[in-house]
Amino acid sequence: MESEEHKIEVKKVRKVLCIEDEYFIGELYQRALTKAGYAFTVVADGVKALNEAQTDKYDIILLDLMIPNLTGIEILRALRDNKKTPHLKAKIIITTNLEQREDVKADIEKQADAYLVKADLTPKELVEFLNNVQ
C-alpha cells in the first residue's frame, strides 16, 4: 500500500482553442497561457476554427466575434446546436472589443459560458479568469 507522501498528483493540462484573427492578441494570449501551463492553439479563420472546435478536444474555447469567413456568432450557434455539434464539452468564452446592443449582448451571453471585453483584460487577468473556469 502506498503512503500518502508518495502519491503523485497528476494535473491534467487544459487545452484552449483561441479563435482570434488579430495576430498580436493571439500571441499575447498564447504566451501568457502557455506559461501558465495550458496547451494552446490559435485559429484565425472562422471555417477552420469551427471545424477545429467541433473535434471536441478542447476544454475552453476563446471566441472572438469578428473573424473572417464565419463570424463568431455563427460559430457560437453551430457549437450550441446539438445536431451540428453533439456532445461539446468545452466552455465557450466570448472575447471581443466589439460594442454590442444590449439585446444582442444578452442573446450571446445566454449561449456562451462567459463574455469578456478584450480591452478590459490583461493576459494575466485572462489566465486568472481561466484558472477559475470549471
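The values are calculated or read from the model by the stated rules, or taken from the named source; none is laboratory data. Predicted model, so just to flag it, every value in this text is computed and none were measured. Ideal geometry is used to build each Cβ from the backbone, glycine not excepted, and the neighbour counts take in all protein chains shown.
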**Fill in**
Residues in the stretch 108-126 that are surrounded by 13 or more Cβ atoms within 10 Å (Cβ to Cβ), of a type in the set (V, I, T) and more than 26 Å from A78 (Cα to Cα) total 0
**Prompt:** Are there any pairs, at least 6 apart or on different chains, whose C-beta atoms fall under 6 Å, with the first in the stretch 6-23 and among the basic types (K, R) and the second modelled with pLDDT of 65 or more and not in a loop (DSSP other than H, G, I, E, B), and if so, which?
**Reply:** K15/A39
**Condition check for T122: of a type in the set (S, T, N, Q) and either more than 17 Å from I67 (Cα to Cα) or modelled with pLDDT of 95 or more (or both)** = yes
**Complete:** Restricting attention to the stretch 40-78, the residues that are assigned to a helix (DSSP H, G or I) and closer than 18 Å to R14 by Cβ number exactly 2
**Asked** Between residues in the stretch 38-50 that are touching a residue at least 24 places away in the same chain (Cβ under 8 Å) and more than 15 Å from I25 (Cβ to Cβ) and residues that are among the aliphatic types (A, V, I, L, M) and part of a strand (DSSP E or B), which pairs lie under 6 Å by C-beta distance while being six or more apart or on different chains?
**Response** Y38/V16
**Prompt:** From I60, I73, which residue is in contact with a Lys or Arg (Cβ under 8 Å, 6 or more places away or on another chain) and of a type in the set (A, V, I, L, M, F, W, C)?
**Reply:** I60
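In this structure, is L28 touching a strand residue (DSSP E or B) at 6+ places or on another chain (Cβ under 6 Å) and in contact (Cβ under 8 Å) with a residue 40 or more places away in the chain?
When the stated conditions are applied, L28 does not pass them.
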**Asked** Restricting the search to the stretch 13-50, which residues are over 26 Å from Q100 (Cβ atoms), out of contact with any Gly (no Cβ under 7 Å at 6 or more places or on another chain) and surrounded by fewer than 14 Cβ atoms within 10 Å (Cβ to Cβ)?
**Response** R31, T34, K35, G37
